[in-house]
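J.: Quick one: structure below, then a few questions.
The values are calculated or read from the model by the stated rules, or taken from the named source; none is laboratory data. Predicted model, so just to flag it, every value in this text is computed and none were measured. Virtual Cβ from ideal backbone geometry, glycine too; neighbours counted across all protein chains shown.
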Amino acid sequence: GSYDTGGHEHYLVKEIHEQPAAVERTLRGRLDDRFHTAHLGGLNLDARELREIRRVKILGCGSAYYAGEMGAQLVEELARIPAHAEPASEFRYRNPVIEADTLYIAVSQSGETYDTLAAVQEVKRKGGRVLGVVNTVGSAIARACDGGVYLHAGPEISVASTKAFTSTVVAFALLALHFGRIHDLSPAEGRRICAGLKALPDQIREILAQEQRIAELAAEYAKHDGMMFIGRVRGWPVAREGAQKLKEVSYVHAEAYPASELKHGPLALISPELPTVAVVPDDELLDKNLTTLGEIRARSGRVLTVGHRVPDARLADHAITVPKNEPELDPLLLSIPLQLLAYHAAVALERDVDKPRNLAKSVTVE
Ligand code: AGP
């Protein structure tokens with residue numbers, strides 16, 4: 001067909017490598033260097049209507065939900081509007097209260113996920129307003145929404161989502177920047193985020209250049225029956241998506257926990273048999289994260305960090321470092337090595353990488 005693996009062994013790794021171009025397409029024509037904001041033509045909401053929004057509720061399934069969690073953090077941080085993500089698959093079953101001053105945002109690569117469509121219909125039936133963050137133009141979810149942002153990530157064939165995930169986070173950064181500049185985000189702060197967004201494609205290329213080493217680490221860590229993924233605040237959705245990706249394509253059990261929750265239970269699991277992937281950005285929580293690594297090491301747990309620096313050898317066995325962007329955009333970059341880790345774990349274990357057992361690309365039934 002017109003879309004083949006283009007010399008790559010699998011669609012999954014092809015799509016991982018397409019991410020710099022996908023991000024460029026999501027950004028194209030949307031950044032405003034004069035007013036340091038983002039222009040999103042399809043929102044169908046003017047500045048006055050946006051100012052009336054008191055809360056943002058983001059709905060999606062699986063990786064779309066985890067991208068939505070990153071989106072919620074971006075909206076809260078940049079626009080200071082309370083924002084929260086929830087699995088779309090759960091939403092309609094709890095008879096949700098729909099509020100006029102809440103903006104609902106549905107996230108979907110395919111635009112055909114039944115649970116997400118049903119969540120949109122639940123909001124609309126009760127008179128709420130829904131935007132879509134969708135990849136597939138003209139899809140059922142895109143048509144059901146009142147407006148939205150298309151990702152333009154290009155077709156995603158592999159069951160495991162990678163470039164759509166990344167483009168979704170970029171789309172949320174654009175939305176958050178747009179909302180922020182209508183609220184109280186200063187021009188200087190807007191400029192900082194615009195510059196960070198423009199730096200992303202080259203920084204993703206730098207991470208992809210480390211593929212060989214990540215493949216070697218993946219082959220080694222894939223020998224274990226399970227892995228723990230931890231992260232704090234901005235690092236928490238990174239850990240969740242990293243664990244999901246590993247489970248989906250390698251079938252290695254992976255559990256994601258907020259790093260701060262470890263000592264409230266799952267620390268009991270830590271042993272040399274259960275290695276930890278720790279998301280450790282160089283931010284205001286660095287010291288807290290290093291303390292957690294010390295607690296894992298005290299139980300003889302193996303540690304692989306993904307962050308901006310190589311920690312003390314006493315705290316980690318291995319470290320993958322990524323280029324630093326702005327703190328709000330770092331989660332996106334920290335997610336990329338975890339995609340490569342999952343992919344190469346699956347290759348090492350000879351899994352059916354593009355079509356994992358029991359999974360479908362889009363779940364169009366209840
Ligand atoms: C991603 O790797 C998964 N296969 C899955 O979680 C997916 O993201 C989810 O089913 C939502 O799909 P959608 O984005 O097409 O709605």
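J.: Within the bounds of the range 181-188, is there any residue that is among the small types (Gly, Ala, Ser), modelled with pLDDT of 95 or more and within 13 Å of the ligand (Cβ to nearest atom)?
T.: Among the residues of the range 181-188, not one is among the small types (Gly, Ala, Ser), modelled with pLDDT of 95 or more and within 13 Å of the ligand (Cβ to nearest atom), which makes the answer no.
J.: Please give the number of the condition Val107 fails out of (1) hydrophobic (A, V, I, L, M, F, W, C); (2) away from the ligand (no atom under 16 Å from the Cβ); (3) under 21 Å from Ala243 (Cβ atoms).
T.: In the conditions (1) hydrophobic (A, V, I, L, M, F, W, C); (2) away from the ligand (no atom under 16 Å from the Cβ); (3) under 21 Å from Ala243 (Cβ atoms), Val107 misses (2) alone.
Residue-by-condition table, conditions (1) farther than 22 Å from Pro155 by Cβ; (2) outside any helix (DSSP H, G or I); (3) more than 9 Å from the ligand (Cβ to nearest atom):
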residue	(1), (2), (3)
Gly68	no, no, yes
Leu78	yes, no, yes
Gly111	no, yes, no
Gln121	yes, no, yes
Gly132	no, yes, yes
Ile141	no, no, no
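J.: Also: Considering each of Thr166, Thr136 in turn, give the residue that is within 16 Å of the ligand (Cβ to nearest atom), of a type in the set (S, T, N, Q) and closer than 18 Å to Lys14 by Cβ.
T.: Thr166
J.: Let me ask something else. Which condition from (1) over 13 Å from Val133 (Cβ atoms); (2) modelled with pLDDT of 95 or more; (3) away from the ligand (no atom under 16 Å from the Cβ); (4) not aromatic (Phe, Trp, Tyr) is the one that Val56 breaks?
T.: Looking at each condition in turn, Val56 falls short on (1).
J.: Residues in the range 281-292: is at least one away from the ligand (no atom under 16 Å from the Cβ) and within 18 Å of the chain's Cα centre (by Cα)?
T.: The answer is yes, given that some residue of the range 281-292 is away from the ligand (no atom under 16 Å from the Cβ) and within 18 Å of the chain's Cα centre (by Cα).
J.: Moving on to the next point. Kindly evaluate Lys223 against the criterion of being buried (at least 16 other Cβ atoms within 10 Å of the Cβ) and without any contact (Cβ under 8 Å) to a residue 40 or more places away in the chain.
T.: Criteria not met by Lys223.
J.: Also, I was wondering about something else. Can you work out which of the residues in the range 253-280 that are part of a strand (DSSP E or B) and more than 14 Å from His224 (Cα to Cα) is farthest from the ligand (Cβ to nearest atom)?
T.: That would be Val280.
J.: Another question, then. Can you confirm whether the range 39-52 contains a residue that is crowded, with 22+ Cβ neighbours inside 10 Å and either more than 16 Å from the ligand (Cβ to nearest atom) or at pLDDT 95 or above (or both)?
T.: No, the range 39-52 contains no residue that is crowded, with 22+ Cβ neighbours inside 10 Å and either more than 16 Å from the ligand (Cβ to nearest atom) or at pLDDT 95 or above (or both).
J.: List the pairs whose first member sits in the range 152-163 and is outside any loop (DSSP other than H, G, I, E, B), whose second member is among the aliphatic types (A, V, I, L, M), and whose Cβ atoms are under 6 Å apart, counting only residues at least 6 apart or on separate chains?
T.: Lys163/Ala22; Lys163/Ala153
J.: Also: So, in the range 230-252, of the ones that are within 9 Å of the chain's Cα centre (by Cα) and farther than 20 Å from Ile296 by Cα, which residue ends up farthest from the ligand (Cβ to nearest atom)?
T.: Pro237
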